[in-house]
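Accompanying notes for the structure given below.
The values are calculated or read from the model by the stated rules, or taken from the named source; none is laboratory data. Note that this is a predicted model, so its numbers are computed, not measured. So basically every Cβ, Gly included, is an ideal-geometry build from the backbone, and we count neighbours across all protein chains shown. Only protein heavy atoms, including side chains, enter the accessible area calculation; ligands, DNA and RNA are left aside. Shrake-Rupley method; radii C 1.70, N 1.55, O 1.52, S 1.80 Å.
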Amino acid sequence: MASLKDLRNRIASVKATQKITKAMQMVAAAKLRRAQEAAEAARPYSQRMGAVLANITQAVGGGGDAPALMTGTGRDDVHLLVVCTAERGLCGGFNSQIARFARDHIRKLQAAGKTVKIIAVGKKGYDILRRDYAALVIDRIELREVKTLGFVNADAIAKKVIALFDDGQFDVCTLFYSEFKSVISQIPTAQQIIPAASAANGGTGEAGAVYEYEPEPGEILSDLIPRNIAVQIFRALLENAAGEMGAKMSAMDNATRNAGDMINKLSITYNRQRQAQITKELIEIISGAEAL
């Protein structure tokens, strides 16, 4: 049985941990509002970008003017997975959910005889995926030093992906991230970004509208599709940032509550043991007095 001193030290240690988790919860709550506002502000732009691509794609009709980023290579033998996760832990199952979703997709592709390559965006995702698929990871991107996510970070990732596509390294590219719904709900999501045609078909184009394009639609697409890829990656990063803060806030709240429960149990054990020790000492004093 632990001594009274050991129990006091344990209670003090748990109280110190509780203060840390409470502070981390408050920091996550403060960051969550900014991250949530940024993610919600990015959604209409990315959705409208998809609608614009849908309209232009209809005008091109998959003809020879359409760039390869929209039409693809005509094959789906090699798949590139861009898996976006957080840089840090202490956010519950946020990172593991995305990695598990990506692993399930990898297994399905491999079962179908496809070749899979992975770009891991975020340290935690890389740490999880390398356990089983280290040979498939062709690049890793860490944003740990980035204080505030900007479009320039997403654009750099998009340029790497496009350069790999231009070199013929893959046929299909799918983006994995966690869509933010609420503090307790983040949904792992997969979005195909290359070829862009399938993503564009998800846009809500205005039916019956007739457009005239200047310059030609193919020329517009050659500039618009790379920008759309960067926009979708940027949205994924913002959704992840909001989801990470929400998951961290929830996880630290649970940790704070658990620390409180542990402190109560340790305090009860300490008080009972102290009472038993005092009772024992009183009995010894009374027994000694009677013996005299």
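Just give me the residues in the range 79-102 being open to solvent by 30 Å² or more (accessible area, probe 1.4 Å) and either small (Gly, Ala, Ser) or within 15 Å of Cys173 (Cα to Cα) (or both), in sequence order. Steps first, answer last, please.
So the first thing to find is which residues in the range 79-102 are open to solvent by 30 Å² or more (accessible area, probe 1.4 Å), and the list is 88, 90, 92-93, 96-97, 100-101.
The answer is Gly92, Gly93, Ser96.
Which residue, of Asp166, Asp223, is of a type in the set (Asp, Glu) and either at pLDDT 90 or above or touching a Phe, Trp or Tyr at 6+ places or on another chain (Cβ under 8 Å) (or both)?
Values: Asp223 fails: either at pLDDT 90 or above or touching a Phe, Trp or Tyr at 6+ places or on another chain (Cβ under 8 Å) (or both).
Going through Asp166, Asp223 in turn, the sole match is Asp166.
Can you tell me how many residues within the range 31-47 are surrounded by fewer than 16 Cβ atoms within 10 Å (Cβ to Cβ) and over 14 Å from Glu244 (Cβ atoms)?
Of the residues in that region, 7 qualify.
Do we have any residue at all in the range 55-78 that's outside any helix (DSSP H, G or I), in contact (Cβ under 8 Å) with a residue 60 or more places away in the chain and hydroxyl-bearing (Ser, Thr, Tyr)?
Checked the range 55-78: at least one residue is outside any helix (DSSP H, G or I), in contact (Cβ under 8 Å) with a residue 60 or more places away in the chain and hydroxyl-bearing (Ser, Thr, Tyr).
Quick one: which of Ile118, Ile128 is over 22 Å from Met245 (Cα atoms) and among the β-branched types (Val, Ile, Thr)?
When all the criteria are applied, what remains is Ile118.
Out of the range 118-128, which residues are in contact with a helix residue (DSSP H, G or I) (Cβ under 6 Å, 6 or more places away or on another chain) and either over 22 Å from Glu239 (Cβ atoms) or among the aliphatic types (A, V, I, L, M) (or both)?
Ile118, Ala120, Ile128
Take Asn240 and tell me if it is touching a residue at least 40 places away in the same chain (Cβ under 8 Å), open to solvent by less than 50 Å² (accessible area, probe 1.4 Å) and more than 17 Å from Thr85 (Cβ to Cβ).
No.
Please specify each residue of the range 146-184 satisfying the condition of being assigned to a strand (DSSP E or B), of a type outside the set (Lys, Arg) and either in contact with a Cys (Cβ under 6 Å, 6 or more places away or on another chain) or without any contact (Cβ under 8 Å) to a residue 40 or more places away in the chain (or both).
The answer is Tyr177, and nothing else.
Looking at the range 86-117, which of its residues are among the acidic types (Asp, Glu) and either in contact with a strand residue (DSSP E or B) (Cβ under 8 Å, 6 or more places away or on another chain) or under 21 Å from Leu237 (Cβ atoms) (or both)?
We begin by selecting, within the range 86-117, every residue among the acidic types (Asp, Glu); these are 87, 104.
The one that is among the acidic types (Asp, Glu) and either in contact with a strand residue (DSSP E or B) (Cβ under 8 Å, 6 or more places away or on another chain) or under 21 Å from Leu237 (Cβ atoms) (or both): Glu87.
All but one of (1) open to solvent by 60 Å² or more (accessible area, probe 1.4 Å); (2) free of Cβ contacts under 8 Å to residues at least 12 places away in the same chain; (3) of a type outside the set (Val, Ile, Thr) hold for Ala23; which doesn't?
Condition not satisfied by Ala23: (1).
Applying the selection to the range 248-292, what residues are among the charged types (D, E, K, R) and open to solvent by less than 60 Å² (accessible area, probe 1.4 Å)?
Hits for the range 248-292 are Lys248, Asp253.
What do you reckon, is Ile119 touching a residue at least 40 places away in the same chain (Cβ under 8 Å), closer than 14 Å to Ala102 by Cα and open to solvent by less than 60 Å² (accessible area, probe 1.4 Å)?
Yes.
Does Ile128 fit the bill of being farther than 24 Å from Val52 by Cα, open to solvent by less than 60 Å² (accessible area, probe 1.4 Å), in a strand (DSSP E or B) and modelled with pLDDT of 90 or more?
no
For Gln110, state whether it is assigned to a helix (DSSP H, G or I), over 20 Å from the mean Cα position of the chain (by Cα) and modelled with pLDDT of 85 or more.
Yes; evaluated as a whole, the condition is true for this residue.
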